[in-house]
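Below: one structure, written as C-alpha cells.
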C-alpha cells in the first residue's frame, strides 16, 4: 500500500498538496483523477511512499485519507518540470497546480489517457535520468536583437546544426499569427519535420500533432504558444523565445503569468539552451545583457537598418511638406485639422499610379479617440464606467454613436455636454474610421481594406482582409496594431496616421510600446516610412525614425532607475472591483495584512484609470519590491489566501 501526494490542477491560489492511498505503483509526474468533496478532479503526483513509512503522519491527520481515483497516465511530467512549476508558484503567489494547468494544453490534459507514447516520447523518469546533471549555466541563456530576416536566417542555420547533432528545437511565440509567420519562414526544406501547436487548433488536431511529435524519429522543430511549455521529446536541446517584446505573453486570467519567464525558467531547470529574440528586446532583457547576466547570442544590433526613406511630419505646421524647421509650432486649428498630410496624400496618389501597396496604421479604431467640450474642456465619458468614449459611425444608419472600449456600452452621439450643457462637442484624435473616410473623400476609387477589432472580429476575417489587400494592386490597408501584428511580408509604403493618443496613457511602458511599434513598422517598409505626429518633440519619434535602439535604451533605463520601475524593482499589483466604500475598506485591510512584510507606506493605493462596468468602482494597490527580495515567503503565503475576487498580478504588463 502506498501513500500518494498529489497537486490538483485547478485555478485556485491556495489549494495545494493532498494525500490519498493506493495499492498501485505510481511514478512521480503521473496524471490521476482524485476525489475532492463531491467531485473528481485532475491532479499530478508529486510524491509516493509506503504507508509503513508514514504511519505517524496518518495517525495524526485530522481528516480521513481516501482512496486514489483513476490513473490517467503514469509518469507524464518530469520531476524537473514540477520543480520549475514550484518555483513559478512561489513567484506568482499561487498554487503549483494552477501553474501546471496554465502551462499545459487543456486538450492534452483532458485526453491524456488516450495518448500512447512511443520509445522516443518523454516519460518523466526517462527525461530526468537523461537531464539530471544538465543544469544550464548562466551563459547558456542568450539574447538576440536584430531585424526579422536576420533572425530567421540565424534560426535556419541553428536548426541545421541541431539536426546534424540529432537534436530538436522548440520555438515559442506569443500569438497565432507570430507562429504562422515563423513557420512560413522556416519550413522550406524541412516541411516533414516542423510542427505547429496552439490553442486555436481543434482538440483532434492537437492530439494528432502531439502524437506525431512524439513518434517522429528524426529531430524536429516545434513552433508553439506558451500553453505547450511541456513537449513530448527528450531530444530538445534549444528553446527560442521569439517576439520577446511582443504583446500576448501575459495570461489573461489567474495566475496572470508571463509565459516568457515561465518558459525560460522551465528550460533552464531542464538544462536547455535558451534564446530571447526580437527586433527590439524588452528593456529588462537588455539590462540583463548589459549586466552580463545573459550573453549576446549574435553580434548585437543597436541600430535598426531600413531600406525605406524615413519622413517625420509635424502635423501642427500650416504647410505639411515633409520637412522639419525650428519654427515655432502653432496650436491646432480645429477648422484646419488634417488627418492626412500633403506628403501622405502624395504617397497614396503615387501608390495608386504604380500599383504599389500602402499600410496606414493608427493607434485607435473608430472616428476619433476623444471628444471634448469646447466650452468647459470636459472629455465625453462613458455613463457606466467613466472611461473616455470613442466616436464611431454606424454602417447601417450612417449616424454617429459613442462607444466605450472599456465596457462596450453605446449611446447616440447627438447630446450636450454633461458638465455644462454646451453643444460644441469637438472630436479629437484619429481613428481607423476617420482615416478611411478621409481617403475616400479624396480618392474615391481607392481600394481600402480595414483591419481592427470592429471590422475583423475573427482570424478568418483578418486573413480574408489581408489576402484582399495583397491581391489588389494599388490597394490601401488601414488598421490598428492588430493589423501590424498580422503583416509578415514587406509593404512598399508604411505610414502612421497617429499614435499620439498613446502618450496620454499614464503607463511607464508606453514609450517602449511605441518604440517597438515604430521599429517593427520601419522594418516592414520597403520604400517609404512616414510618421505623422503633433508631439514631434517626444524623443521616441526621433529614436524610432533613426532606428537608434541604443540611445533609446540608455535614456529609458535611466528613467526606470530614477522611478524604481522594472528591472530595478518587482511590481506587485492588487486590484478589486465593487462599491467604492467597500473596496476602500477591503484594501485598507490588505494593507494591514501585508504591512509586516513591506516597508512603511510601501503600498500605494489609487483608483483605476477607468472604472469597472455596471457603475462599479475599481481600485489598485501597488508595491515596488527590490527584485532580489522576491519571492518573500511570508508575503507570498498571505497573497495566496486572498479571496478569488481580488486580483494579484506580479510584474503586470500595465499599471492602468
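Among the candidates 648, 636, which residue alone is farther than 30 Å from residue 496 by Cβ and either in a loop (DSSP other than H, G, I, E, B) or under 23 Å from the mean Cα position of the chain (by Cα) (or both)? Talk me through it step by step, then tell me what you get.
On the way: 636 fails: either in a loop (DSSP other than H, G, I, E, B) or under 23 Å from the mean Cα position of the chain (by Cα) (or both).
One residue alone meets the criteria, 648.
Looking at 327, 387, 393, can you tell me which residue is modelled with pLDDT under 90, in contact with a helix residue (DSSP H, G or I) (Cβ under 7 Å, 6 or more places away or on another chain) and not assigned by TED's automatic domain parsing to the domain that holds residue 278?
Values: 327 fails: in contact with a helix residue (DSSP H, G or I) (Cβ under 7 Å, 6 or more places away or on another chain); 387 fails: in contact with a helix residue (DSSP H, G or I) (Cβ under 7 Å, 6 or more places away or on another chain).
Criteria check complete, one pass: 393.
Looking at (1) touching a strand residue (DSSP E or B) at 6+ places or on another chain (Cβ under 6 Å); (2) at pLDDT 90 or above, which is the one condition that is false for residue 452?
It fails just one condition, (2).
Residue-by-condition table, conditions (1) modelled with pLDDT of 95 or more; (2) under 28 Å from residue 535 (Cα atoms):
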{"residue": "251", "(1), (2)": "no, no"}
{"residue": "271", "(1), (2)": "no, no"}
{"residue": "278", "(1), (2)": "yes, yes"}
{"residue": "293", "(1), (2)": "no, no"}
{"residue": "301", "(1), (2)": "no, yes"}
{"residue": "306", "(1), (2)": "no, yes"}
{"residue": "314", "(1), (2)": "no, yes"}
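To keep it simple, each residue is scored yes or no on (1) surrounded by fewer than 23 Cβ atoms within 10 Å (Cβ to Cβ); (2) over 15 Å from the mean Cα position of the chain (by Cα).
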{"residue": "240", "(1), (2)": "no, yes"}
{"residue": "249", "(1), (2)": "no, no"}
{"residue": "258", "(1), (2)": "yes, no"}
{"residue": "263", "(1), (2)": "no, no"}
{"residue": "268", "(1), (2)": "yes, yes"}
{"residue": "277", "(1), (2)": "no, no"}
{"residue": "282", "(1), (2)": "yes, no"}
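Going through region 508-556 one residue at a time, which ones are out of contact with any helix residue (DSSP H, G or I) (no Cβ under 8 Å at 6 or more places or on another chain) and farther than 12 Å from residue 306 by Cβ?
Scanning region 508-556 gives 509, 516, 536, 537, 542, 550, 554.
Need the failing condition index for residue 572 against (1) in contact with a helix residue (DSSP H, G or I) (Cβ under 6 Å, 6 or more places away or on another chain); (2) outside any loop (DSSP other than H, G, I, E, B); (3) under 19 Å from residue 648 (Cβ atoms), just the number.
For residue 572, the exception is condition (1).
Which one is surrounded by the most Cβ atoms within 10 Å (Cβ to Cβ), of the residues in region 128-186 that are in contact with a helix residue (DSSP H, G or I) (Cβ under 7 Å, 6 or more places away or on another chain) and modelled with pLDDT under 90?
Only one residue fits best here, namely 128.
I'm trying to understand the selection: among the residues of region 219-275, which are under 25 Å from residue 293 (Cβ atoms) and in a strand (DSSP E or B)?
236, 237, 238, 239, 240, 241, 250, 258, 273, 274, 275
Do you know which of the residues in region 214-224 that are within 19 Å of residue 77 (Cβ to Cβ) and modelled with pLDDT of 95 or more is nearest to the chain's Cα centre (by Cα)?
224
Being out of contact with any strand residue (DSSP E or B) (no Cβ under 8 Å at 6 or more places or on another chain) and at pLDDT 75 or above is true for just one of 424, 434, 338. Which residue is that? Break it down stepwise before answering.
On the way: 424 fails: out of contact with any strand residue (DSSP E or B) (no Cβ under 8 Å at 6 or more places or on another chain); 434 fails: out of contact with any strand residue (DSSP E or B) (no Cβ under 8 Å at 6 or more places or on another chain).
None of the others qualify; the one that does is 338.
What do you reckon, is residue 637 modelled with pLDDT of 90 or more and surrounded by fewer than 15 Cβ atoms within 10 Å (Cβ to Cβ)?
Yes: the conditions hold for residue 637.
Which residue out of 510, 487, 476, 462 is at pLDDT 95 or above and on the phi < 0 side of the Ramachandran plot?
Among 510, 487, 476, 462, only 476 is at pLDDT 95 or above and on the phi < 0 side of the Ramachandran plot.
The values are calculated or read from the model by the stated rules, or taken from the named source; none is laboratory data. A quick note: this is a predicted structure, and the numbers were derived from the prediction, not measured. Cβ: placed from backbone, ideal geometry, glycine included. Neighbour counts: every protein chain shown.
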